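The values are calculated or read from the model by the stated rules, or taken from the named source; none is laboratory data. Because the structure is a prediction, the values reported are computed rather than measured. Glycine gets a Cβ as well: all are built from the backbone with ideal geometry, and neighbour counts include every protein chain shown. The area values use the complete protein model at the heavy-atom level, side chains included, leaving out ligands, DNA and RNA. Shrake-Rupley method; radii C 1.70, N 1.55, O 1.52, S 1.80 Å.
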Amino acid sequence: MGRTQMNGNLEALEDWAGPLLRKLEPTERGKLARNLAQQLRRKQQQRVKTQANPDGSKYTPRKKRDLRGKKGRIRRKLEMFQKLRKVAYLKAKGDGSAISVGFTGRVARIAWVHQYGLKDRAERGAPDVRYKEREILGFTGADLNMIRDGLLAYLTQG
């Protein structure tokens with residue numbers, strides 16, 4: 001799904017849910033928002049673990065490198081963004097007016113560079129490298145359905 005179509009779907013969801021959410025008490029809205037944010041974070045973590053962009057395509061693979069360090073040692077091949085998906089770095093927030101899922105601290109820069117395919121240095125003094133675009137965070141149709149279903153379930157339970 002393209003970004004413009006996804007934005008349209010997100011706006012349609014917001015237009016549909018806005019009047020319903022305004023009828024809730026602020027504390028109920030906050031509780032619902034936190035719950036939805038946590039569910040959305042779990043979905044993002046699962047998608048990053050599968051190494052897939054929101055449109056379902058796989059991440060552009062890492063640049064090939066020698067996996068042998070010292071003689072007799074072979075380092076295992078690690079999947080990308082293994083640590084970024086941990087709760088310590090991928091934060092979910094929700095209050096009465098919005099939900100957000102994003103990165104905090106120094107890893108936010110790493111995520112930003114990969115999300116948009118920017119230039120950066122791997123370490124101080126290293127040459128600039130243009131990284132391939134890998135959408136670490138993004139909405140899928142299933143994410144929007146999960147938000148809609150979560151809203152409906154919460155509103156119909158009481």
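Normalising the average separation of contacting C-alpha pairs (under 8 angstrom, six or more residues apart) by the number of residues puts the relative contact order of the chain at 28 percent.
Counting Lys +1, Arg +1, Asp -1, Glu -1, what net charge surrounds Pro127 among other residues with beta carbon under 12 Å of its beta carbon?
Charge balance near Pro127 sits at +1.
Of the residues Arg29, Arg124, Arg41, the one that moves most in a GNM of the chain with alpha-carbon contacts below 10 Å is Arg124.
Restricting attention to segment 75-158, which GluC sites (Glu not before Pro) occupy a DSSP loop and are surrounded by at most 16 other Cβ atoms within 10 Å?
Here the sparse-neighbourhood loop sites are Glu79, Glu123, Glu133.
The residues of the chain present an accessible area of 71 Å² per residue when probed at 1.4 Å with all protein chains retained. In degrees, nearest 10, range 0 to 90: what is the angle between the Cα axis of helix 3-22 and the longest Cα principal axis of the chain? Its long axis makes an angle of about 40 degrees.
Taking 0.36 nm per intervening residue step and subtracting the Cα-Cα distance, what contour gain separates Arg22 from Asn145 on full extension? Can you show the working numbers first?
Numbers: separation 123, 0.36 × 123 = 44.28 nm, distance 2.02 nm.
Full-extension gain reported as 42.3 nm.
The charge dipole of the chain, taken about its Cα centre with unit charges on the Cβ atoms of Lys, Arg (+1), Asp and Glu (-1) only, comes to about 1700 debye. Taking each DSSP H run with n ≥ 4 as -39500 (n - 2.57) and averaging over every residue of the chain yields -15000 deg cm²/dmol at 222 nm.
Derived scalar couplings between HN and Hα for segment 95-104 equal 9, x, 10, 7, 10, 8, 10, x, 9, 10 Hz in order, rounded to whole Hz, by the Karplus curve 6.51 cos²θ - 1.76 cosθ + 1.60 (θ = phi - 60°), x for Gly and Pro. Scalar couplings 3J(HN,Hα) for segment 111-119, obtained by applying the Karplus form with A = 6.51, B = -1.76, C = 1.60 to θ = phi - 60°, are 4, 4, 4, 6, 4, 10, x, 8, 8 Hz; x denotes Gly and Pro. Think of the chain as a dipole: +1 on every Lys or Arg Cβ, -1 on every Asp or Glu Cβ, centred on the Cα centre; then among Asn35, Tyr116, Asn9, Tyr116 lies furthest on the positive end.
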